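**Q** First the structure, which I've put down as structure tokens, then a few questions once you've had a look.
We did not get these values from a lab; they are worked out from the coordinates using the rules stated. Not measured: the values here are computed from a predicted model. Here Cβ is always computed from backbone atoms with ideal geometry, including for glycine, and neighbour counts include all displayed protein chains.
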């Protein structure tokens, strides 16, 4: 065999090229694997963020419903008078920050229903009470 560039022979050159091809393919496989893991991790994080936002909105809606029910109870007890037409304990839809609340009192059944909503999440609570 003839010499090529100093001490390298033609047979060694073809073996070196073969090893470079195997290394290149191995590196591409490893990079592809890491890319898939990275994309999966990113998808998981965004999915979890959406779940947290949904749960936060549901919790806010619950607290808004509680606020409406508490205001209705206060009106029934006579703690404050919002308006002359609300002495029945009904709290009309009231905007608050990024949602709203409202409440309806049924004095004959002894219940107050509070409704809260925040970014599409809606929660209802019902409070039972005895005659005041």
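**Q** Between residue 49 and residue 23, what FRET efficiency comes out of the Förster formula 1/(1 + (r/R0)^6) with R0 = 41 Å and r the beta carbon distance, rounded to 0.05?
**A** After rounding to 0.05, the efficiency reads 0.60.
**Q** Moving on. Rank the residues 117, 124 as a footprinting-exposure proxy: fewest other Cβ atoms within 10 Å of their Cβ go first.
**A** 124, 117
**Q** By count of other Cβ within 10 Å, fewest leading, how are 64, 100 ordered?
**A** Ascending Cβ contact count within 10 Å gives the list 100, 64.
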